[in-house]
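Participant: Can you keep this structure in mind? I'll have questions shortly.
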Amino acid sequence: GLPAALPALPLELTVLYNSLLFTVGASDSAIKGEAEGIRQGLLRVLEACGACGQDLGTEELWEKVLQEVTVEELQAPLHRLGALQAAWWLAASQLGSVAGLFQLLSTAEDLGRAHCSEGQNKLLSLIKAWRVPPEGASLPLVQSAKDLKEILCTAAAFLQGLQELEAGNFPTALSLLQEAAGGFCSKNILAQIYTCLGCCAQRMGKPQTALQHLKRALQVDFQCLPALSHVAVVYHDLGETDAELQALTLLYEALGKSLPAAASSSPCFLMQAELLVHTPVLTSLLRRRHPSEVKYLLAQRCLQDGRVADAVEHYLDFLSLLQEGLQQQVPLDGSSALPRIPEVFLEAASALEQAGRHQDAITVCEEVISRTTDLIPQVLRVEQRLEQSESSLPGAELAGGLLSQQKESLCCLAWRAAGYLHQGWAWAKLGKSKEAVTQFSRGVLERLEDAVFMCVCLPVAENLQPEVEVLQKIRLLSLLGRGTQFLELGRNKEALLDFQHSLHISPGDPAAASYLVQALWKLNRKQEAAAQWQKFSQNCPAEDGQQQGQGRPLPLYLVSCLEQAVFPHSEALARSIQDYLGAAAQDTPS
């Protein structure tokens, strides 16, 4: 409450500098908001000089103080306070404000040194060119301005590197992150920088360089587990499945342990680089995966790679984790690697089925069917495209809610139909063709037919198209599965109808075409069978293009069903038809 006095201001500003550093160090959390204490200190300086600046913003206030206050004794305290202000602005990503402040703090000679560094980053050049004020012996500082300058350089390089990385300017990002890695920081922040360098190199298409940076991050701080997560991603992109699975296994084991804190070789500072860099892109890159996510990734990758026994083990472990309140432990913001829970159950059923544990697969699918049945409305209608596109128009919010509800209903319908599909194949593998026909029929008919018909015949909203395509694929596979079981039971006419229906859903499908020819052959309609075989043989080159045109990959839980639907007797059937055609040609009079 005392009036500001010039003789006391150097001490007052030094006390303010120290107290702000103590406040930052005590909180041990990222700096946020404005440094109101700095503003009050600047107003006190203006008051002592007979000026006023209450109506000025922080940047204008600094400009007024540094241009109008020429008292020599105040220059060093003001410069130190300016470095603290730069820290606050860096934490808020106000890089322009930081550059402007250091231009004010620097002399013409300093600015000349900054400008002569051709090709260097402007902000870093300004910070490096700033001359640190000398420290007075009578006014001790809890953290020297020289150390603070080094931390500002590191944070500025790191922050700008992250911004360039997010913008896709990878060479610039790499240069800035390398600058940050050579700066003044703790092991924790250095490991983070190396992790970001690895991600940058990966996006530049340099996987081996990425691995070097990520391994360096783990050497610096063995608790930087996000680096290990990114290592697994790089190995995945390289197609090195063994190395990827090893990285994921190590990550899962590390997440389950309580590791001791990594020792720091850096001096303890109240203001540190990690308090100044906290952007969304860094949060995303350093997101710590939950053990259940890693367990799922292990299961998924094993299933994709055909390591069925390992996949079954991991899926069963994952399902047991559901009892521990998984949904409360994993973020639901879209950043998680986990799909929807019914899809995980269906993937587990697929793994069990491929491992020969057909009864277990049936049980897992029954869980999906029972849980989703009550979630499907009695009347499922897929509306045409909504004409309203502006979210501000009346009813747009209601329309968005309707689309979301329809999407969820279609998902539940697809999951239940996929459950019936898997059960059908499981019963077929057990030699129970009648039970298989029953389950395939449920996958084909239970309100799926009407939904798919409406989806095909009406234009639907674009965000419903993926669910529609999955439903169509499930129906196709269910018809093929039921048709194969009809053939096993000698019900060839019914099998023929299913294969004809399959081709109506997916014209040119090679499995449906081959089974159709086989059904005609078994019905002794050999001339028709031969004609159809010739027709489909001529159209074979177009099949790949047609399937690629579908645009979206098949859900993992349907891949095994697609493989089981492949026609297994192509060569034998082709020989039989060629023999028939050859014999027919000989019998025809010339």
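Participant: Looking only at region 287-322, count how many residues are hydroxyl-bearing (Ser, Thr, Tyr) and more than 22 Å from the chain's Cα centre (by Cα).
Facilitator: Of region 287-322, the ones hydroxyl-bearing (Ser, Thr, Tyr) are 292, 296, 315, 320.
Right, trim to more than 22 Å from the chain's Cα centre (by Cα) and you get 320.
Count: 1.
Participant: Another one. Please verify whether region 481-500 includes one or more residues that are under 21 Å from Ala426 (Cα atoms), open to solvent by less than 10 Å² (accessible area, probe 1.4 Å) and in contact (Cβ under 8 Å) with a residue 60 or more places away in the chain.
Facilitator: Within region 481-500 (the criterion being under 21 Å from Ala426 (Cα atoms), open to solvent by less than 10 Å² (accessible area, probe 1.4 Å) and in contact (Cβ under 8 Å) with a residue 60 or more places away in the chain), the answer is yes, since at least one residue qualifies.
Participant: Taking helices (runs of 4 or more DSSP H) that fall entirely within region 1-102, which contain at least 1 residues that are under 30 Å from His278 (Cβ atoms), without any contact (Cβ under 8 Å) to a residue 60 or more places away in the chain and among the charged types (D, E, K, R)?
Facilitator: In region 1-102, the matching helices (runs of 4 or more DSSP H) lie at 36-48, 58-68.
Participant: Would you check if there is a residue in region 256-268 being closer than 26 Å to Phe222 by Cβ, charged (D, E, K, R), at pLDDT below 95 and in a helix (DSSP H, G or I)? It would help to see each step written out before you state the result.
Facilitator: Step one: filter region 256-268 for residues closer than 26 Å to Phe222 by Cβ, giving 256-268.
Restricting the remaining residues to those that are charged (D, E, K, R) gives 257.
Next, only the ones that are at pLDDT below 95 stay: 257.
Subset that is in a helix (DSSP H, G or I): none.
The answer is no; no qualifying residue exists.
Participant: Mind listing just one residue for me: the one in region 324-341 that is in a loop (DSSP other than H, G, I, E, B) and surrounded by fewer than 15 Cβ atoms within 10 Å (Cβ to Cβ) and, of those, modelled with the highest pLDDT?
Facilitator: Ranking the candidates gives Arg340 first.
Participant: Which residue out of Leu321, Leu228 is modelled with pLDDT under 95 and either on the phi < 0 side of the Ramachandran plot or in contact with a Cys (Cβ under 9 Å, 6 or more places away or on another chain) (or both)?
Facilitator: The unique qualifying residue is Leu321.
Participant: I'd like to verify a number: residues in region 494-524 that are farther than 14 Å from Gln534 by Cα, in a helix (DSSP H, G or I) and within 39 Å of the chain's Cα centre (by Cα), how many?
Facilitator: Of the residues in region 494-524, 7 are farther than 14 Å from Gln534 by Cα, in a helix (DSSP H, G or I) and within 39 Å of the chain's Cα centre (by Cα).
Participant: Report, by residue number, each residue of region 286-320 that is closer than 15 Å to Glu353 by Cβ and open to solvent by less than 40 Å² (accessible area, probe 1.4 Å).
Facilitator: Of everything in region 286-320, those that are closer than 15 Å to Glu353 by Cβ and open to solvent by less than 40 Å² (accessible area, probe 1.4 Å) turn out to be Ala299, Cys302, Leu303, Val308, Ala311, Val312, Tyr315.
Participant: Still on this model: Kindly provide the set of residues from region 504-514 that are surrounded by fewer than 20 Cβ atoms within 10 Å (Cβ to Cβ) and either more than 15 Å from Glu563 (Cα to Cα) or touching a Lys or Arg at 6+ places or on another chain (Cβ under 6 Å) (or both), ordered by number.
Facilitator: Within region 504-514, His504, Ile505, Pro507, Gly508 qualify.
Participant: Can you find a residue in region 473-480 that is closer than 25 Å to Pro553 by Cα, surrounded by 16 or more Cβ atoms within 10 Å (Cβ to Cβ) and among the polar types (S, T, N, Q)?
Facilitator: Checked against the condition, which is being closer than 25 Å to Pro553 by Cα, surrounded by 16 or more Cβ atoms within 10 Å (Cβ to Cβ) and among the polar types (S, T, N, Q), region 473-480 yields at least one hit.
Participant: Could you list, in sequence order, the residues of region 370-381 that are part of a helix (DSSP H, G or I) and open to solvent by less than 20 Å² (accessible area, probe 1.4 Å)? If you could, list the steps in order and put the result at the bottom.
Facilitator: Here is the first cut: in region 370-381, the ones part of a helix (DSSP H, G or I) are 370-373.
Correct list: Thr372 only.
Participant: Identify the residue in region 110-126 that is in a helix (DSSP H, G or I) and modelled with pLDDT of 80 or more and, among all such residues, is surrounded by the most Cβ atoms within 10 Å (Cβ to Cβ).
Facilitator: Once the filter is applied, the top-ranked residue is Leu126.
Participant: Okay, moving on. Those residues that are in contact with a helix residue (DSSP H, G or I) (Cβ under 8 Å, 6 or more places away or on another chain) and either at positive phi or open to solvent by 40 Å² or more (accessible area, probe 1.4 Å) (or both), I need them from region 8-19; list them, please. Can you show your working first?
Facilitator: If we filter region 8-19 for residues that are in contact with a helix residue (DSSP H, G or I) (Cβ under 8 Å, 6 or more places away or on another chain), which is where we start, we get 9-10, 12-14, 16-17, 19.
Glu12, Ser19, listed by residue number.
Participant: While we're looking at this one, here's another question. Name, by its number, the condition in (1) free of Cβ contacts under 8 Å to residues at least 24 places away in the same chain; (2) surrounded by fewer than 18 Cβ atoms within 10 Å (Cβ to Cβ) that does not hold for Leu197.
Facilitator: (2)
Participant: If we keep just the residues of region 342-369 that are more than 20 Å from Leu321 (Cβ to Cβ) and of a type in the set (S, T, N, Q), which is surrounded by the most Cβ atoms within 10 Å (Cβ to Cβ)?
Facilitator: Gln354
Participant: Let me ask another. Under the condition of being touching an Asp or Glu at 6+ places or on another chain (Cβ under 6 Å) and not aromatic (Phe, Trp, Tyr), which residue from region 209-236 is least open to solvent (accessible area, probe 1.4 Å)?
Facilitator: Here the residue is Ala232.
Participant: Working carefully through the options Leu46, Leu56, Leu81, find the one that is surrounded by fewer than 19 Cβ atoms within 10 Å (Cβ to Cβ) and more than 40 Å from the chain's Cα centre (by Cα).
Facilitator: Just one listed residue meets the conditions, Leu56.
Participant: Of the residues Leu90, Leu66, Leu61, only one is open to solvent by 10 Å² or more (accessible area, probe 1.4 Å) and in contact with a Leu (Cβ under 6 Å, 6 or more places away or on another chain); which?
Facilitator: Within the list Leu90, Leu66, Leu61, the selection yields Leu66.
The values are calculated or read from the model by the stated rules, or taken from the named source; none is laboratory data. In this text, all values refer to a predicted model and were calculated from it rather than measured experimentally. No Cβ is skipped: glycine too gets one built from the backbone with ideal geometry, and neighbour counts run over all protein chains shown. Surface areas here come from the heavy atoms of the whole protein model, side chains and all, with no ligands, DNA or RNA. Shrake-Rupley method; radii C 1.70, N 1.55, O 1.52, S 1.80 Å.
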